[in-house]
Amino acid sequence: MNNESKGNSNHKVMVSEEGRIIQDVFSKLGKITCQSFVANHLPLLKLHLDIQTVLQKGEIEYTKAKEINRIKNDDERQKVLNKAIAEGLSLSEIRIIVENILQQQLESKL
């Protein structure tokens, strides 16, 4: 479906009836496209569970959650997550913190 919407489809491959129904639902909703949903929302299912939990509770925005998720160390990630929620950090503030942590981890490996 995604390739077809971009004009990259092989005409020998037919989009399934289910695919057409899904596209129809998204077009009727009008707020989000199927491609946008796949690109921006499905990856949220791959977030660490601690982040998924606060995201589901509405305690943090998904853009911030995706950024914090870059931290693989559970303790570090939890500290940043708690700080972001408690202090209402902006996305740019979170990015700086995450970059600093990732940089420190990289340097410690060298």
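Details
- Close pairs (8 angstrom Cβ cut-off, 6 or more residues apart or separate chains): closer than 12 Å to residue 77 by Cβ and modelled with pLDDT of 90 or more in the range 97-108, among the basic types (Lys, Arg) and not in a helix (DSSP H, G or I) anywhere: 98/70; 102/70
- Residues of the range 65-90 that are among the hydrophobic types (A, V, I, L, M, F, W, C) and either exposed (fewer than 13 other Cβ atoms within 10 Å of the Cβ) or free of Cβ contacts under 8 Å to residues at least 12 places away in the same chain (or both): 86 alone.
The values are calculated or read from the model by the stated rules, or taken from the named source; none is laboratory data. Bear in mind that the values here come from a model prediction, so they are computed numbers and not experimental data. For neighbour counting, all protein chains shown are included, and Cβ atoms are generated from backbone atoms with ideal geometry for every residue, glycine included.
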